[in-house]
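Quick notes on the structure that follows.
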Amino acid sequence: MEKLNSSQLSKAFQVSKVTIRNWIDRGCPHEKSDKGNSFMLSEVIDWHRSRYLKSVQPDEFQKSKATREHFKALLTELEYKERSGELISSQDVKELMFDTARLTRDAILNIPNRLSSLLANQNRDKIHEMLTQELRQSLENLANKFVNRESLENILNESEVKNEASPN
């Protein structure tokens, strides 16, 4: 996961840069460099959780506020992962799986159309051999299509374009 600078972290947590500097003074994990401070979002979230959720807070309002801040931080992490492409929506996965199943079904159902005329005058063993070969070839073609990561990404991108084009 890439590192965030102070400005990006303050936007991610929806707090001011002064708050980020205060967090650094209180032990927020960061790395110093010539360009300033850099932060790993997951480390900051863990630090925030341990500091604000596990501390003794007798006041219910303070506890509620800390819980809200924690979940806001988790939501920010999810949004960051989605923007960086590390996380995709379940709807996109469902559509991709539907398309995969449809292509598989179509390839298998097309086998009789391709073989029926060839099988008419064949003996039982030859028919079995031809059907087996055709099934293997169809399934291998499908597997090769979906093993190729670029092909999967293209299908996913096509479904995103369809989603953007369709009125909701």
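All of the numbers you see were taken from the coordinates with simple rules; none came from a lab. Since the model is a prediction, treat every value here as computed from it, not as a measurement. Neighbour counts are summed over all protein chains in view; Cβ atoms, including those assigned to glycine, are modelled from backbone coordinates with ideal geometry.
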Starting from the Cα of N123, step 7 Å along the direction of its Cβ; do the same at R51; then give the gap between the two resulting points in nm. 8.2
Whole-Å semi-axes of segment 4-83's equivalent ellipsoid (Cα gyration tensor): 22, 15, 10
Percentage of interatomic Cα-Cα distances in segment 1-141 larger than 18 Å: 69
Expressed in µm² per second, the diffusion coefficient of segment 60-101 from the Stokes-Einstein equation, with Rh the Kirkwood radius over alpha carbon pairs, at 20 °C and 1.002 mPa s, is 173
